[in-house]
Amino acid sequence: MFTPVLQIRNLSKTFVNHEKPVLDGLNLTIQKGEFFSLLGPSGCGKTTLLRMIAGFEHQDQGEIILDGVPLSRDSSPRERPFNIVFQKYALFPHMSVFDNIAFGLRAKKVPETQVKTQVHEMLQLTKLVGFESRLPTTLSGGQAQRVAVARALVNKPRILLLDEPLSALDLKMRAHMQKEIRDLQQQLGLTFIYVTHDQEEAFALSDRIAVMNEGRIEQVDQPLALYDEPKSLFVARFVGNITEIPTQQITESEGPFVQILSHGLQLKGKPQKIQKTQKNAELANMAIIRPERIDLEIGREVPPYYNRLKGKVVRSVFRGTYVEIEIQISDGLRLQALIPPHEVEKNKIKEGDLIPLCFDPEDTIVFMGDQI
Ligand code: ATP
């Protein structure tokens, strides 16, 4: 059963001297206990939204509703039951790990015996036992970020807000910390709102993801749905790789599919209606296919309704788990396919070869305005 914990209603904000709003009538509902990520390109307003929830910024319009009760617009971060973990750890450099974690409790005049118990609980939870007397400067990036998380969690926030907390870490530490953060969230059953511009990170961590674009939400969905059923070309482009197939004509076809004409080719695809506005006019009438959904047709039973093409290999790059192949289909159309290395080897595929390809119309998404 889903219970909304945080509702964001029609939130807008324009910074002084900015022409365009940074948040533009944004709506969002976050469920209790979910790991929710805000994902989007640099400058789309993710951090501003997080800071607004925390109380560091104030909206021009709209409401932030916690457990059904609107937060007072001007209430300060201290008055809100949230805690935020920043990209830079923001630890007190002259204080030990223990004192850093204890800081919030001591500020609230919690009795020292209780401080000790709660800090120890956090040290255990964040795997920092043994580090209590260390100074932040002697810690690795991962350890410092664990202290920051422990310091934020010790106050038992209603929601933990995290603003790109792993972006300063190297790749390996980052992957390790992703697991720790996810485990911690599941262990505590707490609601996490996580800002990132890294789609793989959002996929690895989140129950649901909101993709943001220019101060608005483009789509909110579970990671797989976001990947498989993007509701706009913006989301399809932002999440994973795609080949774009401009369509010159779209007509009805049998079953759930539409027929598209692209550079003289007839293909079938799944229609995804988009509201055609002046802003996105060029985004309609575009079909997409993900490179890993394109197969070599050699030695394979292909269902009759599949899309089938032939093209010339113009580039082939070995990437370890797959071979990235670029295929020129016609003058205006070049596809990218990811083919398992053993298939490339077995069929002796090399640059210059003409190869047959196939893909499911189910995986071919056709973004279209309301022209049909
Ligand atoms: P990034 O991933 O780069 O952090 P973001 O999606 O988190 O990007 P924001 O930090 O929310 O984006 O910034 C959105 C826009 O608002 C940017 O153009 C930024 O320059 C502007 N902005 C953010 N904070 C302020 C501020 N305090 N005053 C003026 N402009 C600001």
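The values are calculated or read from the model by the stated rules, or taken from the named source; none is laboratory data. Every value quoted in this text rests on a predicted model; they were computed, and no experiment measured them. Neighbour counts are summed over all protein chains in view; Cβ atoms, including those assigned to glycine, are modelled from backbone coordinates with ideal geometry. To get the accessible areas, we keep the full protein, side chains included, count just its heavy atoms, and leave off ligands, DNA and RNA. Shrake-Rupley method; radii C 1.70, N 1.55, O 1.52, S 1.80 Å.
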Relative contact order for the chain: what is it in percent, counting Cα pairs under 8 Å that are at least 6 residues apart? 15 percent
Measure nothing but the geometry: give the 0 to 90° angle between the long axis through the Cα atoms of 112-125 and the longest principal axis through the Cα atoms of the chain, rounded to 10°. 20 degrees
Accessible area expressed per residue, region 241-367, with surrounding protein chains retained (probe 1.4 Å, Å²): 53 Å²
On full extension of the chain, what length is gained from THR138 through THR321, given 0.36 nm per residue of separation minus the C-alpha to C-alpha distance? 62.1 nm
Looking at region 286-365, which chymotrypsin sites (Phe, Trp or Tyr not before Pro) are in a loop (DSSP not H, G, I, E or B) and have at most 13 other Cβ atoms within 10 Å? TYR305
Past the 26 Å Cα-Cα mark, which pairs from LYS156/LYS231; LYS231/LYS268; LYS46/LYS179? LYS156/LYS231
Region 181-276: spread of alpha-carbon positions along the three principal axes, whole Å, largest first, is 55, 29, 22
For region 241-367, the dipole about the Cα centre with charges only on Cβ (Lys and Arg +1, Asp and Glu -1), to the nearest 20 debye, works out at 200 debye
If each K or R counts +1 and each D or E counts -1, the residues other than GLN266 whose Cβ falls under 14 Å of its Cβ total +1
Go from 0 up to the bin containing the longest alpha carbon distance in the chain, width 10 Å each, and give me the % of pairs per bin. 5, 20, 25, 21, 16, 10, 4, 0
Which percent of the accessible heavy-atom area of the chain goes to carbon and sulfur, probe 1.4 angstrom? 50 percent
Counting other Cβ atoms within 10 Å, which trypsin sites (Lys or Arg not before Pro) in region 37-92 have at most 16 and lie in a DSSP loop? ARG73, LYS88
Please state the shape class of region 283-372: rounded when a/c is under 1.5, otherwise prolate if a/b exceeds b/c and oblate if not, all from the C-alpha gyration tensor. prolate
So how tilted is helix 97-107 from the main axis of the chain? Cα-based, degrees 0 to 90, rounded to 10. 70 degrees
Roughly what would the spin-label model give for HIS94 and ALA225, points 7 Å off Cα along C-beta, in nm? 5.2 nm
With a ≥ b ≥ c the root eigenvalues of the C-alpha gyration tensor of region 66-211, is it rounded (a/c under 1.5), prolate (a/b larger than b/c) or oblate? oblate
